[in-house]
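Here is the structure we will look at.
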Amino acid sequence: MTAKLVFSCLAVTAMGNALDLRTASLQLRPNATAIEKKAAQVITEEVEKRTQLRLGRNATGGPVLSLVRGTGPAEGFSVTATPRGVTISGNDDRGVMFGTGYFLRQARMSRQRFDISDGLAVTTAPKIAIRGHQLGYRPKTNSYDGWTVPMWEQYIRELALFGTNTIELIPPRSDDDDDSPHFPLTPINMMAEMSRLGGEYGMDVSIWYPAMDKDYSDAKTVEFALAEWGAVFQKLPRVDAVFVPGGDPGHTQPKYLMALLEKQAANLRKYHPKATMWVSPQSFDKAWLDEFIGIVAQEPTWLAGVVFGPQVRGSIEELRARIPQRYPVRFYPDITHSLRAEFPAPGWDFAYATTEAREVINPRPTQQAAIFRRYMAASAGFVAYSEGCNDDVNKFVWSGLGWNPEANVTDLLRDYSRFFIGPDQEEAFAQTLLALEANWHGPLATNGGVETTLQQLQAVEHTAAPQLRQNWRFQQALYRAHYDAFLRTRLAIEQGQQARALAVLGNAAQAGSERAMNEAEEILFRDELTPGARVLRARIFELAEALFQSIHMQLSVSRYAAIGLGRGANLDAVDFALNDRMWLRTQFTSIRGVPDEKQRMARLERLAAWTNPGPGGFYDDLGDVARQPHLVPGLPYAQDPDFLKSPLTGFGDLPQQGNRVSWFTDAETLGDTPLRMRYPNLNREAQYRVRVVYGGDSAVQLRLTANGKEVHPFLNKPKPIAPVEFDIPREATASGDLLLEWTKPAGGGGNGRGVQVAEVWLVKK
């Protein structure tokens, strides 16, 4: 039976009568394997946690839960429920563990309740061969570095119960600090424990092992690396694969990197004879990528496969087409970051970006499904990149789709909610996860669903048992919902303050420059938070403390010793500016130093009318999806979720650091993709001038053309950021239609960021 038929069948069988399992006993076959015994232990412990019921072993009377062996595809299983009990039949060890997970996900468990649909019958096997997640015990993560061995066992167990067959570890030396104040064990000792746990749950253990040394063309450096890596390999009880990224981090020319990895592959097999070596061409420029492809074309036997990850030039299909078919391509998707990432949140509002930031709690179930379906046809499987438990929901969506790519995402969330939150809140919590994703759709100012999401979660919290209130997954949803709602309230307040302040500046001629600036500044920095907003803010701090206690999330640098603001510590950004007040204050300081009142007034007038392009002109704030009418859009999200061929919303320096909001955001392209703006129906007789602000964090040079006519050659961006102006050639607008196109020098590598443009005025002269 295909996965599609299996899962459509489940929707019918789930409507049967409930089979009461409160008096059930567990039964193993006499020659049960270690994995089968582990599966029985998992059932016993997970049922008791939720129900207070302790299952017996081989008891007479009552329903029987039987763990047996069957036949069929690798990792597959069948689960059948009859009045006599439930039979979990695994085709192999993993099939038994995955069948156990399916049974526990379908069971309804709560205090003194344990049942499942009578008549349930399913036979299934995974469609995707490699289904994994990276678990990095290292300082830069937003929670993992504080986890103990029992916490790691619970999480690895949960991943296995949802069909994950691979975990990926990180060695003691990577692009990170050597130590963390949160570490309960040294990195190598915890790595060994995690390797052991992976083996106990029947999972493959991979190592993400960056080549960090300076010069691998040097024989002594290679000798050192072989000894260092060998010591790690020897320490670990299980290793099935090693993945070495070519970049991010990495800096080694392919001919030296591949020579090193040939030696490391032999080194690896000394300790783990069946382990394999994988590599990615991340961050390579065109020349290095071509060199890499040339080496792989020789089909080295030590290489097992190639990984497609962030900052690989081109698409996964292009990479697949350029390497020999003997090498599978494994996907390395970034599911943990929301900006400056492989798959940024599309059209993310600046208020979220400046506060919740890159490693926010980020359930994005439908977008993750779109990414999965876009990429998996060209891939043998995936091991997803993660920096902590902020992406927990995304992990389980990927694992579910890895088993059955045609699975309904909402059904996957129902499984997640039933198992982790409880059957009574299954539907409510599943819909809440979808609602949290929808909170990020479109401009925050007009998204009234944000308050509804919070109200729905508060209703669940109001009746929640103490056990649920202590559940870190429930706490994460509460934290995000409160943070989103507080942001929306504060955004309305601060945008209103700015509108009033600019109105004061617009009338400065009546009051004088000094009085106008004083009044505007007082408005901008006035505390206008409502009592309701203060309650939301206080609750955010309470939930941050709860999450530190429950799962060691480090949501603040000062309170919880997070490694940095950008590493999930968004509690520290909860009050960051959501308007231009910091930038305006610096402008006021500068203007006060101008001795001439007329000049001061002229500068205030420019501030008040900043976005006004004048008669017959046009203005675009390219980082604001509501104010970019002339931006040429790209492909639909499902076709281009990594924005390789489409403009995306990019982000630079924060408004809190003195930037304008419109300079913090920009329209951005990746690689060699140009950025385009189109202006139809212009005045054919007029001459135009373009004023542009080049924002963003990329230092590449930019060139601008108008209908193919050069407006300016490759130039460096002004630092500090400031508008620059250029005449548009008259012949470029003679037809009445204008296409502006920005490009960067072709063929670059690194992080792949290309053109970044923040604001554009097309001014009629």
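The values are calculated or read from the model by the stated rules, or taken from the named source; none is laboratory data. As the structure is a computational prediction, the values presented were derived from the model and not from experiment. Note that we place each Cβ from the backbone using ideal geometry, even for glycine, and neighbour counts take in every protein chain shown.
Summary table
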quantity	calculated
Boolean, Arg173 is of a type outside the set (A, V, I, L, M), surrounded by fewer than 22 Cβ atoms within 10 Å (Cβ to Cβ) and closer than 27 Å to Gln549 by Cβ	no
Given (1) buried (at least 22 other Cβ atoms within 10 Å of the Cβ); (2) over 14 Å from Arg173 (Cα atoms), index of the condition Val244 fails	(2)
Any hit, segment 187-202, residues being in contact with a Lys or Arg (Cβ under 9 Å, 6 or more places away or on another chain), over 30 Å from Asn471 (Cβ atoms) and assigned by TED's automatic domain parsing to the domain that holds Gly250	yes
Qualifying residue in segment 637-649 (condition: aromatic (Phe, Trp, Tyr), at pLDDT 95 or above, surrounded by fewer than 20 Cβ atoms within 10 Å (Cβ to Cβ) and not in a strand (DSSP E or B))	yes
Candidates Arg358, Arg313, Arg320, filtered to the one that is crowded, with 17+ Cβ neighbours inside 10 Å and more than 26 Å from Gly747 (Cα to Cα)	Arg358
Members of segment 722-735 found to be surrounded by 13 or more Cβ atoms within 10 Å (Cβ to Cβ) and either touching a residue at least 24 places away in the same chain (Cβ under 8 Å) or among the small types (Gly, Ala, Ser) (or both), listed by number	Pro723, Val724, Phe726, Asp727, Ile728, Arg730, Ala732, Thr733, Ala734
Matching option when the condition is in contact with a His (Cβ under 9 Å, 6 or more places away or on another chain) and of a type outside the set (D, E, K, R), among Asn408, Asn447, Asn439	Asn447
Number of the condition not met by Val594 [criteria: (1) part of a loop (DSSP other than H, G, I, E, B); (2) touching a residue at least 60 places away in the same chain (Cβ under 8 Å)]	(2)
Exclusive hit being within 28 Å of Asn142 (Cβ to Cβ), at pLDDT 95 or above and either surrounded by 15 or more Cβ atoms within 10 Å (Cβ to Cβ) or not assigned by TED's automatic domain parsing to the domain that holds Pro139 (or both), set Ile551, Ile493, Ile523	Ile551
Condition met for Arg526 (part of a helix (DSSP H, G or I) and either charged (D, E, K, R) or touching a strand residue (DSSP E or B) at 6+ places or on another chain (Cβ under 6 Å) (or both))	no
Wholly within segment 381-443, helices (runs of 4 or more DSSP H) carrying at least 2 residues that are of a type in the set (Gly, Ala, Ser) and within 19 Å of Ala459 (Cβ to Cβ)	426-438
Evaluation of Glu542 against (1) more than 24 Å from Glu461 (Cα to Cα); (2) surrounded by fewer than 16 Cβ atoms within 10 Å (Cβ to Cβ) (one fails), failing number	(1)
Single residue of Gly62, Gly99 found to be among the small types (Gly, Ala, Ser) and modelled with pLDDT under 95	Gly62
All positions within segment 119-154 that are surrounded by fewer than 20 Cβ atoms within 10 Å (Cβ to Cβ), β-branched (Val, Ile, Thr) and in a loop (DSSP other than H, G, I, E, B)	Thr148
Matching option when the condition is of a type in the set (A, V, I, L, M), crowded, with 19+ Cβ neighbours inside 10 Å and within 17 Å of the chain's Cα centre (by Cα), among Leu303, Leu339	Leu339
Output for segment 149-201, where each listed residue is within 22 Å of Leu226 (Cβ to Cβ), β-branched (Val, Ile, Thr) and under 24 Å from the mean Cα position of the chain (by Cα)	Ile170
The lone exception for Asn716 - which of (1) surrounded by fewer than 22 Cβ atoms within 10 Å (Cβ to Cβ); (2) over 35 Å from the mean Cα position of the chain (by Cα) it fails	(2)
Subset of segment 210-229 (residues that are aromatic (Phe, Trp, Tyr) and either assigned to a helix (DSSP H, G or I) or exposed (fewer than 15 other Cβ atoms within 10 Å of the Cβ) (or both))	Phe224, Trp229
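Residues checked against (1) closer than 16 Å to Gly750 by Cα; (2) among the aromatic types (Phe, Trp, Tyr); (3) in the same structural domain as Gly381 (by TED's automatic domain parsing):
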position	(1), (2), (3)
Thr221	no, no, yes
Gly250	yes, no, yes
His272	no, no, yes
Ala275	no, no, yes
Trp278	no, yes, yes
Asp290	yes, no, yes
Ile295	no, no, yes
